[in-house]
Amino acid sequence: METVAATLHSLGLPYGFLTCDSDVRPFYQRSGWTHLAEHPVRSIRVDHAPEVDRRNGMLLPVHGALADWPSGPIERNGQEI
């Protein structure tokens, strides 16, 4: 996870974002990621069916502040790779 954070930093990105199930959330939290519990996530599954109102977003502040992350739902218009 240090390599991920370093790469995001070198790219000049304000944040890292990922989604994960609750059973692996503690792993990411130990690495500095914050659970976005108040932000419902809408995304697309591999079978192209929509997933709505999931609370599975994780955020890593890199060059941006956690307090500056916008409020409201997160619309992921595509699959995560």
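Read the figures in this text as sums done on the coordinates, not as results from a lab. Predicted model, so just to flag it, every value in this text is computed and none were measured. Glycine also receives a Cβ, built like all others from the backbone with ideal geometry; neighbour counts cover every protein chain displayed.
How about the chain: which trypsin sites (Lys or Arg not before Pro) there are in a DSSP loop, with at most 10 other Cβ atoms within 10 Å of their Cβ? Before the final figure, lay out the partial values.
Details: sites: Arg30, Arg42, Arg45, Arg54, Arg55, Arg76; in loops: Arg45, Arg55, Arg76.
For trypsin sites (Lys or Arg not before Pro) across the chain that sit outside H, G, I, E and B with at most 10 neighbouring Cβ atoms in 10 Å, the list reads Arg45.
Considering only DSSP states other than H, G, I, E and B, which GluC sites (Glu not before Pro) in the chain qualify as loop sites with at most 12 other Cβ atoms within 10 Å?
Sites meeting the loop and neighbour criteria: Glu38, Glu80.
Hey, got the dipole for the chain? About the Cα centre, +1 on K and R Cβ, -1 on D and E Cβ, debye to the nearest 20?
That gives the chain a dipole magnitude of about 60 debye.
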